[in-house]
Amino acid sequence: MKVPLFRRLSISFFVTVIGSILITSLISNDMIDKRFNEYLSNEHKRKITKVISLVEEIFVQEMDLQSVASYRELARVAILEDLYIEIKNPEGKVFFSSGREHLLHKKMMGHMSRPMMGMGWRKSLGQYMEENYSLTKDGKTTGTLIIGYFGQWNLTERDVGFKDTLNRAFLISITAALIFGLMMSILLSKQLTTPLIKLTGIANEMREGNLTVRADADTNTLEIDQLSKAMNHLAETLQQQEMLRKRLTTDMAHELRTPLTTLKSHMEAFIDGVWEPTEERFADCYEEVERLTKLVGNLQNLAKLEQAALQLNKEPFDLSQEIIKITEVMEPQFRKKNIPIELDLIQELRVLMDRDKIKQILFNLLSNAYKYTHEGGRVEIKLRKEDKGVVLTIKDNGIGISEKDLPYIFERFYRGDVSRSRETGGAGIGLAIVKTLVEAHGGKIKAESTPGMGSTFTITFPQNILSA
Ligand code: ADP
């Protein structure tokens, strides 16, 4: 089962908050408790010692516990310290007893004044306990001192109050921390999930075909912002692809329609007897069939080439020599249009590349330069070695490429308007092939152009194409 991110985040945050609070309060409570018990134990010992020394003092000084002053003093101490004090002679006769009334009264008052905290009091005051101490003088037992109190430590009301306040403070701070933690978990989870929900909605809209929507996540979370930008980029790419697909379909239809219409009208004229089926007219029909065959062949070729690009047949050769060879082959054609090919090549550039594919790259680029350059123009090929790699430039001063066409010329079957309107225009796959082959060698290609002034194609191959 898929859990919504909001629930998952808020639960995780909240569990973390509860965990931290529990750990902190357990540790601090335990430490405070230990210190408090230590303090109580010391207090208790101090009280008992005080009573013992007082009794011994009175015993030594007055030898008579029946004296009123000592009786009062002991009774006062018993009430002050919440103790029961009793002194017996060795025979068991009670000399002195402070009485337990004040203790019982205190216990009762505790119940009454804190009905809600009754349990706490009973628990805090604890059971009644007594301790016996032998009173000795000159090595002889002179009596027994009995000290009674409630609870292990004989907690006073102040002690219990202190413990109570401490517990309450813990309870209040835990509750406040929990409420704060819950609020923060919800807030944080909302902050993270709201833009994601928005992005999902936009992605769904795109999926349904609306590629004009753009994500605006309005967030300061880096990753979500990046996701939003990536989605916009994706939408733009999809929009472009959609445009190219539409254009390809219309181009193809147009490309197919022209020869088919010619063929159809010729055939009709033959059938209707309007035209004599002369050799010349058959040749016209054959030419149209050729055009169709070439078109289908191009489609097939591109598919094959893209596959072949992945299987490079690398061999070491001199790239500048290879460029010279290709220009020599193409020179006669260029001469017809009176276009000189100027070379500016670094000498002896040994590379490890697929020779046939390099030939194909150069052939396609030079064919375009030839096609789109007027008579008497000029084409220049440059080969340089730079820090970033090997740079090959093919520059012409032909008709150039319009700003509108420039971003798409490397797309399959994309042809500039100029190319389409001209009979000489190709199928629009030459540059797509060049790009595939350049990238197969790890390189990059870019085109710059000023309409009417010419175009420059720059290929950058990485350093690793160089061979020793
Ligand atoms: P095509 O077969 O139409 O030449 P390409 O893929 O080789 O197909 O080129 C795509 C488009 O790029 C061409 O239709 C043309 O508009 C433009 N183009 C390519 N090279 C040049 C160039 N050297 N000068 C002007 N336009 C060019």
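The values are calculated or read from the model by the stated rules, or taken from the named source; none is laboratory data. Note that this is a predicted model, so its numbers are computed, not measured. Virtual Cβ from ideal backbone geometry, glycine too; neighbours counted across all protein chains shown. Protein only, heavy atoms only, side chains kept; ligands, DNA and RNA dropped before computing areas. Shrake-Rupley method; radii C 1.70, N 1.55, O 1.52, S 1.80 Å.
Observations, loosely collected:
- Test for residue 356: is it under 25 Å from residue 297 (Cα atoms) and surrounded by fewer than 17 Cβ atoms within 10 Å (Cβ to Cβ): yes
- Failed criterion for residue 78 (all others in (1) in contact (Cβ under 8 Å) with a residue 60 or more places away in the chain; (2) open to solvent by less than 70 Å² (accessible area, probe 1.4 Å) hold): (1)
- Condition met for residue 61 (modelled with pLDDT under 85 and either part of a helix (DSSP H, G or I) or among the hydroxyl-bearing types (Ser, Thr, Tyr) (or both)): yes
Results for (1) open to solvent by 80 Å² or more (accessible area, probe 1.4 Å); (2) in contact with a helix residue (DSSP H, G or I) (Cβ under 7 Å, 6 or more places away or on another chain); (3) among the β-branched types (Val, Ile, Thr), shown as yes or no for each residue.
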{"site": "145", "(1), (2), (3)": "no, yes, no"}
{"site": "163", "(1), (2), (3)": "no, yes, no"}
{"site": "171", "(1), (2), (3)": "yes, no, no"}
{"site": "176", "(1), (2), (3)": "no, no, no"}
{"site": "179", "(1), (2), (3)": "yes, no, yes"}
{"site": "187", "(1), (2), (3)": "yes, no, no"}
{"site": "224", "(1), (2), (3)": "no, yes, yes"}
{"site": "235", "(1), (2), (3)": "no, yes, no"}
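- Contact map, the range 205-224: first residue basic (Lys, Arg), second residue open to solvent by less than 100 Å² (accessible area, probe 1.4 Å) and at pLDDT 90 or above, Cβ cut-off under 6 Å, separation 6 or more or different chains; pairs are 214/232.
- So residue 211, is it modelled with pLDDT of 85 or more, surrounded by 15 or more Cβ atoms within 10 Å (Cβ to Cβ) and not in a helix (DSSP H, G or I): yes
- Screening residue 144 with (1) assigned to a helix (DSSP H, G or I); (2) in the same structural domain as residue 75 (by the TED database); (3) free of Cβ contacts under 8 Å to residues at least 60 places away in the same chain gives one miss only, at (1).
- The strands (runs of 3 or more DSSP E) located wholly in the range 369-468 that include 1 or more residues which are aromatic (Phe, Trp, Tyr) and more than 8 Å from the ligand (Cβ to nearest atom) occupy 454-461.
- Tallying residues that are outside any helix (DSSP H, G or I) and open to solvent by 60 Å² or more (accessible area, probe 1.4 Å) within the range 303-329 yields 6.
- Those residues of the range 330-341 which are open to solvent by 30 Å² or more (accessible area, probe 1.4 Å) and in contact with a Lys or Arg (Cβ under 9 Å, 6 or more places away or on another chain), in sequence order: 340
- Among (1) in contact with a Lys or Arg (Cβ under 7 Å, 6 or more places away or on another chain); (2) in the same structural domain as residue 28 (by the TED database) - the single one residue 217 does not satisfy: (2)
- Hits in the range 201-222 - residues which are over 16 Å from the mean Cα position of the chain (by Cα) and among the β-branched types (Val, Ile, Thr): 202, 212, 213
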